[in-house]
Amino acid sequence: MSQAMQQVSIDTTGACVDFPIFDARSRSLKKTVMGLVGGNIASNSKVPIIEALRDIDVHLEHGARVGLVGHNGAGKSTLLRLLSGIYEPTRGRAVINGRVAPVFDLGVGMDPEVSGLENIIVRGLFLGMTRKEMEARVDDIADFTELGDFLRMPLRTYSTGMRVRLALGVVTSIDPEILLLDEGIGAVDSAFLDKSKKRLKELVERSGLLVFASHSDAFLRDLCDTAIWMEHGQIKAHGDLEDVLKAYKGDDYRTPEKTSRERGSAEA
Amino acid sequence: MTAPAVVPVGAEQQVGPGSVGCVATAQLAGSTFSAAVSDLRRGWEQRSLWGHLGWQDIRQRYRRSFLGPIWISITMAVTAIALGTLYAGLFDNDLAVQMPHILVGFIVWGFISGCINEGAEVFTSNVGLITHLPAPLSVHLYRLIWRQTLFFLHNLVVYVVMLFVFPQDLHWTGLAVIPAFGLLALNGAWAALLLGIVATRFRDLVPIAQSVVQLAFFLTPIVWIYDELANSPNPAIAERAKLAEFNPFLHFLEIVRAPMLGQNQQLHHWIVVLAITVVGWALTMVVLRRYRARVSYWV
């Protein structure tokens, strides 16, 4: 193992992410302090501020496989952006060591007017790969997507499913040190989904550190061993995946055996 | 809240082949000068990304058109011929003087106005990329400057053709155009960066910048010839024209245009431009240091 890989880590201490909302002048919004959904909206300044994340302390090292759970608006996506370095904390500290590959939206950085092949290269460059590295992978990605001659067509001629195939092909071909995944793996036919799950697993095994936000227990169990439960922009719990799921789901919690059996029958 | 207890498992597992030898980079964060400089440096290192995107922007604009990016050159040629003929008549100037003057003026102005107009939107037009990818902000800046440089080079083709029709008295000193363009690009970069950052917070800056550029076009000797009006026998005209010395764009235009037309190069234009470069970058670095990390929040 190279020296560089051992340094892969994410450390945040008391990190906060506050969003100023410049175009919201409504008083009623200021009065809203807290709802079930979303972070806190502070009312003591001229510009309303959404406290999207508060006092985030995470220390992740090489080998960490962390799932992120929580309601919509609990701060999962914002946390991923904090961990990727896109949002630098407004208070507190975040230190990220390693090459980050964030996969939040499969389509970002894709250009509808250029061919699938060109998009493969560009998407890879966006994920921190070099042109050479991507050119070496193009054939493998082309095989995986099963798009054949369509790869020479402009992306705008693709169906949604075809685009997802292309994006997944690129994303799962890279070698990230830190992999941050937001659920968003959408419409693909089930045969292809199995194939991409396998590749996704291999990707996770290659990557030094994984944080994965998902609402799917099965997917979380496939990829993660620990979990963070986000609520109102704060970490509510952080620990073993099953423990966190149990606390988060409460009565809805199902044991892994049952879930995987259900999954088996659904696929049959 | 349970105690954070993350157990790194599988720490002994094999690393993928491509990751070996790849250097872990610590992102410099916070409102420090080194973080601002690091942003500019890391952005520069991603040349293959913005280099590709800059080209793609150009090809994009003319995609599916038969002539493609040659349209950039054609448009410039048509403008220069039409306006050159028009103003040669209006000002009673020799076409061989007026046309090259207008052509080179337009080429340089195209670069300046592109940097300012698109610079104001350099971050707001890239919301998707900024909020999805942890790339340095400067990637978007380099992409913009590179794209404008490519436009400039396409237009240079028209200039070369013009040299055959209206030969200019070029000297070796004309090579000064290379450092002159370098300075122009360097200034375009700080202007775009500064405007881009401020415009993410205050969106009104975009239309303001556009109107200022529009106005500056008329105030800058691009269609009219400075020396001619400044030496006009009519003192009222001469006085008015000399006000152009206060127009910073005049100096940028002159350091690039004079060598391209084989004219006398004047030191004071270079001094003004160098001073603006230093002051502009100093100001921009202060703003970049203070607000770099806020841009992803504001877009």
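All of the numbers you see were taken from the coordinates with simple rules; none came from a lab. Not measured: the values here are computed from a predicted model. Cβ coordinates were reconstructed from backbone atoms using ideal geometry, including for glycine residues, and neighbour counts include every protein chain displayed.
General observations
- Burial order of peptide ranges A:247-255, A:57-65, A:220-228, B:75-83 (average beta-carbon count within 10 Å, highest first): A:220-228, A:57-65, B:75-83, A:247-255
- Looking at the range B:22-102, the pairs of alpha carbons with a distance over 17 Å make up 69% of the total.
- Between B:162, B:119, B:78, the Cα set farthest toward the positive side of the dipole of chain B (charges on each charged residue's Cβ, about the Cα centre) is that of B:119.
- Förster radius 60 Å - calculated FRET efficiency between residue B:268 and residue A:13, Cβ distance, rounded to 0.05: 0.65
- Calculated P(r) of the range B:138-191 - Cα pairs past 16 Å, %: 54 percent
- Per-residue mean of C-beta atoms belonging to partner chains within 10 Å, peptide A:121-128: 4
- Above-threshold pairs, the threshold being 24 Å between Cα atoms, out of A:197/A:236; A:195/A:249; A:76/A:201; A:132/A:197: A:197/A:236; A:195/A:249; A:132/A:197
- Fewest-first ordering of B:218, B:166 by other beta carbons within 10 Å of each residue's beta carbon gives B:218, B:166.
- Rounded FRET efficiency, nearest 0.05, which uses the C-beta distance separating residue B:231 from residue B:163 and R0 of 41 Å: 0.95
- Equivalent-ellipsoid semi-axes for the protein assembly as shown (Cα gyration tensor, √(5λ), whole Å, largest first): 53, 27, 20.
- Positive-pole candidate from B:269, A:9, B:202, dipole of the protein assembly as shown, charges at beta carbon: B:202
- Helical segments meeting 27 Å axial Cα length and Kyte-Doolittle 1.0 threshold in chain B (DSSP H): B:70-90, B:95-119, B:138-165, B:177-201, B:267-291
- Reference-scaled alpha-carbon Rg (2.2 N^0.38 Å with N residues) for the range B:33-298: 1.06
- Applying 1/(1 + (r/R0)^6) with r as the Cβ-Cβ distance of residue A:95 and residue A:246 and R0 = 25 angstrom yields a FRET efficiency of 0.20.
- Contact order normalised by residue count of chain B, Cα under 8 Å, 6+ apart, percent: 26 percent
- Distance between the C-alpha centres of the range B:113-154 and the range B:203-270: 26 Å, rounded to the whole angstrom.
- Within 10 Å of the Cβ of each residue in B:126-134, the mean number of Cβ atoms contributed by other protein chains is 6.
- Note on B:284, B:32: ascending count of other Cβ atoms within 10 Å places them as B:32, B:284, the fewest first.
- Across peptide A:57-70, the average count of Cβ atoms from other chains found within 10 Å of a residue's Cβ is 3.
- Label-to-label distance, residue B:240 versus residue A:218, with points set 7 angstrom from Cα along the beta-carbon direction: 7.9 nm.
- Vicinal HN-Hα couplings computed from phi for the range A:157-169 (Karplus, 6.51 cos²θ - 1.76 cosθ + 1.60; Hz; Gly/Pro x): 7, 7, 7, 4, x, 5, 5, 4, 4, 4, 4, 5, x
- The spacing between the range A:51-90 and the range A:115-132, judged by their C-alpha centroids, is 27 Å.
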